[in-house]
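The values are calculated or read from the model by the stated rules, or taken from the named source; none is laboratory data. Remember, predicted model here, so these are calculated numbers, not experimental data. Methodologically, a virtual Cβ is constructed for each residue, glycine included, from the backbone with ideal geometry; neighbour enumeration extends over all protein chains shown. We work out accessible area using only protein heavy atoms, side chains counted, and drop any ligands, DNA or RNA first. Shrake-Rupley method; radii C 1.70, N 1.55, O 1.52, S 1.80 Å.
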Amino acid sequence: MVVNSPVTYRAGIIGLLFSVLIGVGGQHVANILNAPNFAYTHIPMCLLIPFLALILAPNAWLKSRKPELALSPSELLIIFSMGLIASIVPDWAMNWYLMSAITVPRYYASPENQWENKFFEYLPDWLVLDRITAKGFFEGHAPGGIIPWASWATPMFWWFSLIIAMLFVGACMVVILRKQWVDYERLRFPLCEISTHLIGADEESCAEGSGWPAFYRTRIFRVGFIVMLSAALYNCMTFWTGWPHIPIMGSDVFAISLGRGYPALPIRLNIFSLCFAFFINAEILFSLWFFQLVGIIQTGFMNRIGLTSASLVPGGLVSIQFIGGMIFFVLWGLWMARHHLKEVTAHAFGKSTSLDDGEELFSYRTAVFGLILGFVYIIYWLHQAGVSIPTALLFLFFLYVFYLAMARVLAEAGLVMLDLPINAHQFTVSMVGSANLSVPTLTGMTLTNAFARNWRTFTMVATAHAAWFKGHLNRMGGRLSPGRRHRGGAGGFFLWICLAFAASAASSMIYLIYAGYTLGEQSLRGGAIGSLGNGFYAMAIAWIDNATQISELEVIFLGSGGLITGLMVACRYLFYWWPLHPIGFVVGASSPIRVAFLPFFLAWLVQIILLRVGGVRLYRSVQPLFLGMLVGYVAGAGITYIVDWIWFIDTPHLYENFF
């Protein structure tokens, strides 16, 4: 059965314009207001602020005046889905990493850093800018100067050929695994649940057909909204008055230490994280903050007795242990999906199965063969960039294990601030040993900084959630007249989110290049691209000059992490009372998870009290309060950015932070 994708041309065109706004606006706000977190989270501010202000609110007004012209819940969800895909482009999402890899090496090379002597002969000219072109980008050109667009064409073409291949491989994996996650494992997708409530695409709002979503019309939602908006407005006033502000800003953090040698536990009341955390399962919330404490105690104890790691794997032995748990978590998930994967493969080869791919983004045949061809091209690209084929294969294994872990964890837990706990290229070099890799391979692995450390664009999180939205659209039945539908079949929705990415990437990248030559990159966010890129290529020097390899002790901790996760999985099956969820251990090495300790603890505590006092019914009745707090916090963010733009453009305030 093929399900028509309920995409109207009206929704598609608005979605494309919205995607351009996100791509350019998200990058511009990050540049001008030094707002590094504007595109950071998996449901970012660069999506929420313009959607609520420019799409949802005007549509609610239009629905009360001329309902026949208003967007339907399905159309709102389509626009939001396109915006979600568009948001994986600006600034920290993709542009920052990609531009650092392309622009930095030729411009910042010097006798002191020895880049030219150490690896320039192995650096592909077709992937980086020449020095003259890069100089204009970093320093800006003279008034009336011409931007050398032609010099950007070659590196952009080859980088985006890789980006498209990686995104398509990720989409193929989502198509292959979506039914396993949604239908068989019944994963909740909390971020999708929250989003449908926010935009009025939940069942209650669709049934009522009112202007504002159902949650918005409850008194408890309004209480949460007014309280958080008032707090944000008061904090804005303190910019002028010097009064003490409410400690919910990005700079408000203090640390608790258990003693010498123990890592500090950061305490920050991040309202954004708290609101999303309230929708996470209590078992997962408990495990998140519990394993952070365990990790701190374990690290401190080992530091006190001198048991430390000397390799280039960030985070030490405890982080390596958490990474072992992550690898086991993904491999176990694939083992549990083995019967489904066999059926998908058989279906792709034309055999009769019980599967129906009508609700997927595209067919299983396209997914299976697209996955194979995509991997072949990625390996070819890496090899042409200097990476040996065995190293490329091992690197891609770790890369997609970590990417799958991110997508799977977000599907079940909805950790809106989750970052990659470790970067696959660093982990690969550490596992093999830099002394065992050639300089061309190490140079090529340095270039993978452009995507291997990226937790938003390539991790399949946005695509997996867009696929969930498509399934939700099908469950909603379209709610549109046949004449207003885009007759794209099952591929119509996928086509539009592809166009959303293209619109956002093209507009955002063109704007960023233009801003660099007009203003000089060194004046944008304090030269963040140059600073990040220097770190990238300094990594190559560290690999070349220092013969490092993972130690036996680190291998033991890596294996013990997998064993611990396996035991937790077994206990969850054997004992109904088992309180620990493997996800808390799997993401334990991620820095934003540690910083979110307080929001996780508070959300868990509130959930436990509500469930003990009034059960699930009371817990659900309080959900609008946290949605109201979230919308009020987002509205406060928008107002704060406007205030900074008008009055504090040279000294903007850090509204939120996740590190």
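Odds and ends about this structure:
- Cβ crowding within 10 Å averaged over residues, with 187-198, 160-171 ranked highest first: 187-198, 160-171
- For region 256-298: rounded, prolate or oblate by the Cα gyration tensor [a/c cutoff 1.5]: oblate
- Taking a point 7 Å out from the Cα of R572 in the direction of its Cβ, the residues of region 427-462 whose backbone N falls within less than 20 Å of it are 461.
- If R0 is 56 Å, the Cβ-Cβ spacing of A542 and L54 corresponds to a FRET efficiency of close to 0.75.
- FRET E, pair F239, R219, Förster distance 56 Å, beta-carbon r, rounded to 0.05: 0.95
- Rounded, prolate or oblate (a/c below 1.5 giving rounded, otherwise prolate when a/b exceeds b/c) for the chain by Cα gyration tensor: rounded
- Furthest towards positive pole of dipole, G295, L361, M228, structure part region 220-364, Cβ charges: G295
- Full-extension gain in nm, S551 to I389, via 0.36 nm per residue minus C-alpha separation: 55.9 nm
- Counting only Cβ charges, +1 for Lys and Arg and -1 for Asp and Glu, the dipole size of the chain around its Cα centre is about 1440 debye.
- The portion of the accessible surface of the chain made up by carbon and sulfur, rounded to a whole percent, is 66 (1.4 Å probe; DNA, RNA and ligands excluded).
- For region 340-486: rounded, prolate or oblate by the Cα gyration tensor [a/c cutoff 1.5]: prolate
- Within the chain, helix-based [θ] at 222 nm, where runs of 4 or more DSSP H residues each add -39,500 (n - 2.57), nearest 500: -21500 deg cm²/dmol
- The magnitude of the dipole of region 1-160, with charges of +1 and -1 set on the Cβ of Lys/Arg and Asp/Glu and taken from the Cα centre, is near 600 debye.
- Packing rank of 435-445, 213-223, where each peptide gets the mean count of other beta carbons within 10 Å, highest leading: 435-445, 213-223
- Residues D125, D644, ordered by accessible area of protein heavy atoms at a 1.4 angstrom probe radius and largest first, appear as D125, D644.
- When Rg and the Kirkwood radius Rh are both evaluated on Cα atoms of region 23-97, their ratio Rg/Rh stands at 1.07.
- Here's the picture: charge each Lys and Arg Cβ at +1 and each Asp and Glu Cβ at -1 in region 40-198, and of W92, W126, W152 the one pushed furthest to the positive end of that dipole is W92.
- Per-peptide packing, taken as the mean over residues of other Cβ atoms within 10 Å, places 81-89, 420-428, 554-562 in the sequence 81-89, 420-428, 554-562 from highest down.
- I132-L341 pseudo-label distance in nm [points 7 Å out on the Cα-to-Cβ vector]: 5.2
- Ratio of Rg to Rh over region 53-100 (Cα coordinates, Kirkwood Rh, two decimals): 1.23
- Nearby lysines by direct alpha-carbon distance to K342 (threshold 30 angstrom, same-chain neighbours under 8 apart not counted): K179, K351, K470
- Proximal lysines to K118, defined as alpha-carbon separation beneath 26 angstrom and excluding residues fewer than eight positions away on the same chain: K135
- Theoretical FRET efficiency, 1/(1+(r/R0)^6), r = Cβ-Cβ of L355 and F397, R0 30 Å, to 0.05: 0.70
- For region 108-149, the solvent-accessible area with a 1.4 angstrom probe is 61 square angstrom per residue.
- Each of W126, W212 has its accessible area taken with a 1.4 Å probe; listed largest first, they run W212, W126.
- Compared with the rule-of-thumb size 2.2 N^0.38 Å for a compact globular protein, region 521-607 has a Cα radius of gyration ratio of 1.68.
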